[in-house]
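The values are calculated or read from the model by the stated rules, or taken from the named source; none is laboratory data. Just so it is clear, the structure is predicted and the values come from calculations on it, not from any experiment. Heads up, the Cβs are rebuilt from the backbone with ideal geometry, glycines too, and the neighbour counts pull from every protein chain shown. Note: accessible area is taken over every heavy atom of the protein model, side chains too, but ligands, DNA and RNA are not part of it. Shrake-Rupley method; radii C 1.70, N 1.55, O 1.52, S 1.80 Å.
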Amino acid sequence: KQLDRARVGHSILANSAVRALLVQPESGYEQSFAGLNLEGANLRGANLEGANLSRANLSHADLHANLKNANLREVLATGTNFSDSYLTGACLESWNINSTTTLENVDCQFVFLLEQPNANGSRERRPHDPNKNFQRGDFEKYFKEMLETIQLLIRGGATPADFQAAFQAIMQSHGVTFGDITGWERKGEDVLLTIQPPPHSDKGKLEADFDQALELRIEAARTAALLESEKRRADDFKEVHLATVSNLSSFFSNLTFITNADSKAMTQSSDSSHKVEIGSVGGDFIASGQALNLGEISGTVTNTINELQQSAAPQAAELADLLKQLQSAIEAEPDLQPDDKAEALEQVGTLAKAGENPQDGTLKKLSNTAVKILKGTFSVLPDTAKLADAAGKLLPLIAKVLGLSI
C-alpha cells in the first residue's frame, strides 16, 4: 500500500508500471511491460493475457500467471518459475531460458516461435500441425529437451575429416561421444548438429571449443593446400628450367665454338659459311639460361602486381606502386646473383598476392616470411648497392600497408 510514498531507490519499484502491476496483478491485461525490469517480482496470480513483455527481465520472478497470447520475445527468464502458468498462444521467440527455469505443470496447448509471420506466412507454431495441441506435460518435455541439448553450426567448406577432428577435441575435453548426437539438419550449405552433452556441461565453453578446433583444422588444411600448390608451382618451374637447359645444351652441341683468336682464320676459311661464330665461350650458356628464367619470373610478378592494382583491396594502388619500384630495383642490381634475383622476385610476387586479400591469415603469414627472406637476401649486398638503399626505404612502407611488423 502507498508505494508511491516509498523510497524505492533503484529497485524494480522505481518504475510506476511495475508498481501498479505488483499492487494490482489483475491490471496487466494487454498492457505493455516491454523492456522493463521485473527481476525477482512476485507475480503469482497476475493476469498478463495479451501483455507485451518483450525484452523484459523476468529472471527469478515467480509467475504462476495467466500468460495467454502474451509476447515473451527475447525475454530474460533464467531462474524464472513458470509452474502452473497458462501459456497457450504465447510468443516465445528467442526467449532466454536455462536449466534453472521451472516449467512444471505449465498449461499450454500451443505456442508461436515467431512474433511476426515469416516469408511463408508462418509464425512457427508448435506443434506444427494446426489441428494438434500439446497434451499435459508435453510443453515441459519439448522445452526441457531444448535446454538439455546444444546446437553446433558446421559451416560450408568443412570436410568430414575437419568435423571429426573438431569433435574429437570436445570428446576429450567435455566427455561427449558420437552417441550424444541427436540430429543433423542441413541449412543451405551449412549443417546444424544437435547433441545432448553430459549433465552440468558448460555448453558455452563446449561450443567455443568446438568452433575453435574446427577453425584451426580448416586453417591448417588451407595452409597445407597452399603450400602444396606452391610446391607444385616450384616443381613445374624446375621442370621447365631443366627442359630449357637440356634444349640449349643440345643446341650448343651442334655449334662449333671458336675463340676470338681463331676468328680471323675461320673467317678466311673456305667453309666459313657453314660455321656459326658466337665468340668466346666463358659462361654465356649459364648467363643465357638464367636470363631466360628471370624473364619468365619477372613477367609472372608483373602480372600479379597488375592484378593487385586492378583489385578492390584497400591501398592496392599504393602497394602495387611500391612493389613495382622494388621489382625494378631487384632486376637492375648488378651485385645480386641471378639465383638471388629469382628468389627475391618470387617473394615480391607473394607480397602482391597477399595484397589482394590482406585479411587472409595464411597469406599474411606468407607475406611476413617473404619480407624476412627479402631482408636476408639484401643484407649481403654492399652498402653502396642501389638495391640496399631502395629496399631500406621500400620494405618498411610495404610492411606498413600489409599490416606487418618488421
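How much accessible area does Thr159 have with a 1.4 Å probe, in Å² rounded to the nearest 10?
Counting only protein heavy atoms, Thr159 exposes about 60 Å² to solvent.
For a Förster distance of 22 Å, can you work out the FRET efficiency between the beta-carbons of Asp202 and Arg155, rounded to the nearest 0.05?
0.45
Please report the net charge: other residues with Cβ closer than 9 Å to the Cβ of Leu294, K and R +1, D and E -1.
Result for the neighbourhood of Leu294: -1.
In nm, to one decimal, how far is the modelled label at Glu115 from the one at Phe178, with both set 7 Å along Cα→Cβ?
Here the modelled spin labels are 4.3 nm apart.
Provide Rg and Dmax in Å for region 82-233, with only Cα atoms included in the calculation.
Reported Rg and Dmax, both Å: 19.9, 70.
For region 1-141, compute Rh as the Kirkwood radius over C-alpha pairs and then the Stokes-Einstein diffusion coefficient at 10 °C and 1.306 mPa s; write the answer in µm²/s, rounded to an integer.
103
In whole angstrom, how long is each semi-axis of the equivalent ellipsoid of region 60-110, when you take the square root of 5 times every eigenvalue of its Cα gyration tensor and sort them from largest down?
For region 60-110, the semi-axes come out at 15, 13, 9 Å.
Normalised radius of gyration for region 174-226, please: alpha carbon Rg relative to 2.2 N^0.38 Å, two decimal places.
1.35
Counting residues in region 79-157 as N, plug N into 2.2 N^0.38 Å and put the Cα Rg over that result.
With N residues counted in region 79-157, Rg over 2.2 N^0.38 Å equals 1.20.
Note the full-extension length gain between Arg222 and Ser99 as 0.36 nm times their separation in residues minus their Cα-Cα distance, in nm to one decimal.
40.4 nm
Counting Lys and Arg as +1 and Asp and Glu as -1, what is the net charge of the other residues whose Cβ lies under 13 Å from the Cβ of Val191?
Around Val191, the surrounding residues sum to -1.
Compute the FRET efficiency between Glu318 and Ser83 as 1/(1 + (r/R0)^6), taking r as their Cβ-Cβ distance and R0 = 56 Å, and round to the nearest 0.05.
Taking R0 as 56 Å, the efficiency between Glu318 and Ser83 is 0.30.
Quick one: order Arg44, Arg155 from most to least accessible surface, probe 1.4 Å.
Arg155, Arg44
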